[in-house]
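Trainee: One structure is given below, represented as structure tokens, and several questions about it will come after.
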Amino acid sequence: MSSTPLSGLAKRLVSDNAIDEATAQSAIKAAKREGQTFAQHAVEAKLVKSRELANIASMAFGSPLFDLSSYNFDLLPKDIVDEKLISKHFALPLYKRGNRLFVAVADPTNLAGLDEINFNTGLNTDAVLVEADKLSKAIESFLSNSDIGGGLEGLDDDDLDGLDVEGGEQSRDDESDPGGDEAPVVRFVNKVLLDAIRTGASDIHFEPYEKSYRVRLRTDGVLHEVARPPIQLASRISARLKVMSKMDISERRVPQDGRIKMKLSKTKAIDFRVNSLPTLWGEKIVLRILDPSSAKLGIDALGYEEEQKKIYLDALAQPQGMILVTGPTGSGKTVSLYTGLNILNTPERNISTAEDPVEINLEGINQVNVSAKVGLNFAEALRSFLRQDPDIVMVGEIRDLETAEIAIKAAQTGHLVLSTLHTNSAPETLTRLMNMGVPTFNIATSVSVIIAQRLARRLCGECKKPAQLPDEVLKAEGFDAVTIPQSDWQIFQPVGCEHCSKGYKGRVGVYEVVRITDGISRIIMEGGNSIQIADQARKEGFNNLRTSALRKVVMGVTSLEEANRVTKD
């Protein structure tokens with residue numbers, strides 16, 4: 001069967017030897033199958049670089065190339081072109097002059113798209129050639145802002161109504177007019193949740209005040225505002241969230257907890273842990289995003305250095321003992337523990353966890369939600385576990401002496417126990433157990449490894465630039481403790497570009513991993529304090545949090561400012 005003759009941009013790319021004809025034919029079919037333009041698919045599939053494609057199109061069709069990065073997107077004309085047409089034809093209206101509409105495109109030969117925009121707007125359309133990758137980001141930003149920018153009037157994306165949200169059927173029964181006044185609120189809430197997932201946020205804050213209402217996302221550990229819907233909608237937004245999470249919609253005087261499951265596809269679902277809090281001007285609702293895939297990243301993706309990773313894996317391979325992970329809320333303790341559990345999760349092992357609450361569901365692991373209301377606390381759950389023939393036990397947090405004593409007894413009687421505490425460093429974890437009243441002998445003989453951790457923002461690889469720090473600054477900041485040869489140092493600082501947020505993109509773990517050696521055990525048995533334990537750990541070659549953070553700085557992974565933010569007292 002003969003292939004369709006090439007035309008337009010695909011033909012030009014082949015004639016300029018940018019791609020071969022077979023690749024072009026395959027790309028045309030794939031683009032059509034995925035509902036994309038040829039230019040959009042060619043760049044996303046990395047068949048050709050965006051800049052190269054734009055230059056070839058400019059030379060071939062006599063269209064000047066416009067740099068979207070220099071455009072003020074506040075000037076984009078609103079409500080002129082239907083959003084579905086923008087997505088369908090990979091085209092963005094830039095500005096209107098009289099009866100002419102200038103539209104950014106990556107393929108000036110897409111005359112069908114320009115004609116459809118012309119027909120729907122009644123305006124004469126002129127193509128403005130831009131780079132495909134920049135156009136993709138601009139369209140994504142435009143569609144996002146049009147939905148959650150300042151109000152709800154722009155929300156008419158049918159897909160947002162069709163999201164499979166657990167509790168959604170119940171919500172439609174409770175809403176007085178799901179097809180009328182409540183429909184924009186439903187779409188607005190769904191849009192915020194989707195945007196949070198897409199940007200990798202960890203938390204969503206819906207906050208009412210006297211004269212305003214704001215929505216903020218916590219991305220890479222930092223909160224930033226994304227929307228200010230009208231204050232008149234505050235109660236309706238709260239009601240929608242409470243219905244989705246199966247809370248009591250009539251109760252506004254006391255805090256409540258709930259959960260939302262959003263199915264993005266047949267194989268992908270995201271859970272949200274929801275909490276409502278009555279405030280002076282209404283209910284503040286915070287959603288914690290629980291992505292099961294984050295627990296399956298693998299230990300190599302977490303940022304452990306090789307020696308630290310070996311210590312953790314060796315401890316996981318032991319048949320008994322206790323592994324403690326410590327750090328403040330939001331420092332990644334849960335992901336570290338679940339990563340370990342995933343490694344241990346085999347058909348030959350019986351694994352049970354007690355959590356408050358269970359954040360991520362893991363197939364093959366028996367997970368229990370503790371509940372103070374019914375008397376099921378960590379200690380009671382742990383007692384039950386020990387009667388269930390366990391191999392591995394995970395306790396969400398050691399909060400009191402009773403839980404600590406049962407966990408230590410389990411570690412001493414042939415079980416591997418994983419748990420967390422809220423302390424600032426590994427040595428302080430040991431003294432915290434002593435202060436709880438746990439006998440020093442039990443601590444020294446049961447605890448195997450302690451991991452203290454923080455999450456630092458990772459420098460953007462696209463825009464970071466080298467930083468020159470004076471010797472006196474290096475000395476004052478403690479770089480003398482870094483054992484990497486100075487000739488191998490690569491210190492960078494954030495800049496900021498279209499690919500990142502203020503020079504950072506993603507996060508990386510900073511760890512203090514301490515194995516309980518004979519020397520440290522001796523200090524514990526003698527009732528030593530955290531300073532003595534820290535000195536001994538340093539002598540035995542275990543890096544503390546500060547040194548680990550500075551090592552990430554000289555390796556070019558994060559900046560000194562970020563290392564100071566997460567580790568400097």
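The values are calculated or read from the model by the stated rules, or taken from the named source; none is laboratory data. Everything numeric here is computed off the predicted structure, so don't read it as measured data. Cβ sites come from the backbone with ideal geometry, for glycine too, and all protein chains shown count toward neighbours. These area figures cover heavy atoms from the full protein model, side chains too; ligands, DNA and RNA do not enter into them. Shrake-Rupley method; radii C 1.70, N 1.55, O 1.52, S 1.80 Å.
Trainee: Can you spot a residue in segment 148-167 that is assigned to a strand (DSSP E or B), open to solvent by 50 Å² or more (accessible area, probe 1.4 Å), modelled with pLDDT under 85 and among the charged types (D, E, K, R)?
Mentor: There is at least one residue in segment 148-167 that is assigned to a strand (DSSP E or B), open to solvent by 50 Å² or more (accessible area, probe 1.4 Å), modelled with pLDDT under 85 and among the charged types (D, E, K, R).
Trainee: Would you please name the residue that is most open to solvent (accessible area, probe 1.4 Å), looking only at residues in segment 217-237 that are over 17 Å from Ser202 (Cα atoms) and of a type in the set (Lys, Arg)?
Mentor: Here the answer is Arg228.
Trainee: Related question: Please specify each residue of segment 360-371 satisfying the condition of being in contact (Cβ under 8 Å) with a residue 40 or more places away in the chain and either in contact with a helix residue (DSSP H, G or I) (Cβ under 6 Å, 6 or more places away or on another chain) or buried (at least 19 other Cβ atoms within 10 Å of the Cβ) (or both).
Mentor: Scanning segment 360-371 gives a single hit, Ile360.
Trainee: Please work out if Ser384 is of a type in the set (Gly, Ala, Ser), modelled with pLDDT of 90 or more and open to solvent by less than 80 Å² (accessible area, probe 1.4 Å).
Mentor: Against the criterion (of a type in the set (Gly, Ala, Ser), modelled with pLDDT of 90 or more and open to solvent by less than 80 Å² (accessible area, probe 1.4 Å)), Ser384 qualifies.
Trainee: Oh, and also: So which of Val482, Val557 is aliphatic (A, V, I, L, M), under 24 Å from the mean Cα position of the chain (by Cα), surrounded by 14 or more Cβ atoms within 10 Å (Cβ to Cβ) and closer than 24 Å to Lys464 by Cα?
Mentor: Just a single option satisfies the conditions, and that option is Val557.
Trainee: Any idea which of Leu418, Leu469, Leu459 is of a type in the set (A, V, I, L, M, F, W, C) and either without any contact (Cβ under 8 Å) to a residue 24 or more places away in the chain or more than 30 Å from Gln486 (Cα to Cα) (or both)?
Mentor: Leu418
Trainee: Got a sec? Which of Ser63, Ser58 is within 23 Å of Ile86 (Cα to Cα), open to solvent by less than 40 Å² (accessible area, probe 1.4 Å) and either touching a Cys at 6+ places or on another chain (Cβ under 7 Å) or not in a helix (DSSP H, G or I) (or both)?
Mentor: Residue meeting the stated conditions: Ser63.
Trainee: Among Ala563, Ala456, which is open to solvent by less than 30 Å² (accessible area, probe 1.4 Å), in contact with a helix residue (DSSP H, G or I) (Cβ under 8 Å, 6 or more places away or on another chain), assigned to a strand (DSSP E or B) and within 23 Å of His224 (Cα to Cα)?
Mentor: Going through Ala563, Ala456 in turn, the sole match is Ala456.
Trainee: Mind checking which residues of segment 526-540 are within 11 Å of Leu430 (Cα to Cα) and more than 39 Å from the chain's Cα centre (by Cα)?
Mentor: Of everything in segment 526-540, those that are within 11 Å of Leu430 (Cα to Cα) and more than 39 Å from the chain's Cα centre (by Cα) turn out to be Gly527, Gly528.
Trainee: Identify the single condition in (1) open to solvent by 10 Å² or more (accessible area, probe 1.4 Å); (2) under 28 Å from Gly541 (Cβ atoms) that Asp391 does not satisfy, given that it satisfies every other one.
Mentor: Asp391 satisfies all of (1) open to solvent by 10 Å² or more (accessible area, probe 1.4 Å); (2) under 28 Å from Gly541 (Cβ atoms) except (2).
Trainee: Find the residue count for segment 494-527, including only residues that are open to solvent by 60 Å² or more (accessible area, probe 1.4 Å), in a strand (DSSP E or B) and more than 20 Å from Ile197 (Cα to Cα).
Mentor: 1
Trainee: Go through segment 352-391 and give me each residue that's in contact with an Asp or Glu (Cβ under 7 Å, 6 or more places away or on another chain) and within 25 Å of Asp314 (Cα to Cα).
Mentor: Selection gives Gln367 alone.
Trainee: Would you kindly identify the strands (runs of 3 or more DSSP E) lying entirely within segment 236-340 that contain at least 3 residues that are over 30 Å from Asp391 (Cβ atoms)?
Mentor: Strands (runs of 3 or more DSSP E) meeting the threshold: 256-263, 269-279, 282-290.
Trainee: Let me ask something else. Under the condition of being closer than 21 Å to Ile231 by Cβ and touching a residue at least 40 places away in the same chain (Cβ under 8 Å), which residue from segment 196-211 is most open to solvent (accessible area, probe 1.4 Å)?
Mentor: Per the criteria, the residue is Glu210.
Trainee: Please indicate, with yes or no, whether at least one residue in segment 106-120 is more than 36 Å from the chain's Cα centre (by Cα) and charged (D, E, K, R).
Mentor: yes
Trainee: Output the residue which, of all residues in segment 247-259 that are among the charged types (D, E, K, R) and within 27 Å of Ile360 (Cβ to Cβ), is surrounded by the most Cβ atoms within 10 Å (Cβ to Cβ).
Mentor: Within segment 247-259, the match that is surrounded by the most Cβ atoms within 10 Å (Cβ to Cβ) is Arg259.
Trainee: If you don't mind, there's one more thing I want to ask. Please determine, by comparing only the residues of segment 424-442 that are in a helix (DSSP H, G or I) and polar (S, T, N, Q), which one is most open to solvent (accessible area, probe 1.4 Å).
Mentor: Asn435
Trainee: Here's something else I'd like to know. Which of the following residues is under 13 Å from Asp133 (Cα atoms), open to solvent by 20 Å² or more (accessible area, probe 1.4 Å) and charged (D, E, K, R): Glu44, Glu34, Glu83?
Mentor: Glu44
Trainee: In the list Ala444, Ala407, Ala426, which residue meets the criterion of being under 19 Å from Ser530 (Cβ atoms), of a type in the set (A, V, I, L, M) and under 33 Å from the mean Cα position of the chain (by Cα)?
Mentor: Ala426
Trainee: Here's a follow-up. Could you say which residue among Leu421, Leu344 is under 22 Å from Met436 (Cβ atoms), open to solvent by less than 10 Å² (accessible area, probe 1.4 Å), of a type outside the set (S, T, N, Q) and touching a strand residue (DSSP E or B) at 6+ places or on another chain (Cβ under 9 Å)?
Mentor: Leu421
Trainee: Also, quick follow-up: When you go through Ile80, Ile86 one by one, which is the residue that is assigned to a loop (DSSP other than H, G, I, E, B), in contact (Cβ under 8 Å) with a residue 40 or more places away in the chain and among the β-branched types (Val, Ile, Thr)?
Mentor: Ile80
Yes or no, residue by residue, for (1) open to solvent by 50 Å² or more (accessible area, probe 1.4 Å); (2) at pLDDT 90 or above; (3) of a type outside the set (S, T, N, Q):
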residue	(1), (2), (3)
Ala239	no, yes, yes
Ser245	no, yes, no
Lys261	yes, no, yes
Asp271	no, no, yes
Gly282	no, yes, yes
Leu290	no, no, yes
Ile299	no, no, yes
Thr329	yes, no, no
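Trainee: Considering only residues that are surrounded by fewer than 16 Cβ atoms within 10 Å (Cβ to Cβ) and assigned to a loop (DSSP other than H, G, I, E, B), which ones fall in segment 1-31?
Mentor: Once the filter is applied, which keeps residues that are surrounded by fewer than 16 Cβ atoms within 10 Å (Cβ to Cβ) and assigned to a loop (DSSP other than H, G, I, E, B), segment 1-31 yields Met1, Ser2, Ser3, Thr4, Pro5, Ser7, Asp16, Asn17, Asp20.
Trainee: Looking at Lys266, is it open to solvent by 70 Å² or more (accessible area, probe 1.4 Å) and at pLDDT 90 or above?
Mentor: The answer is no for Lys266.
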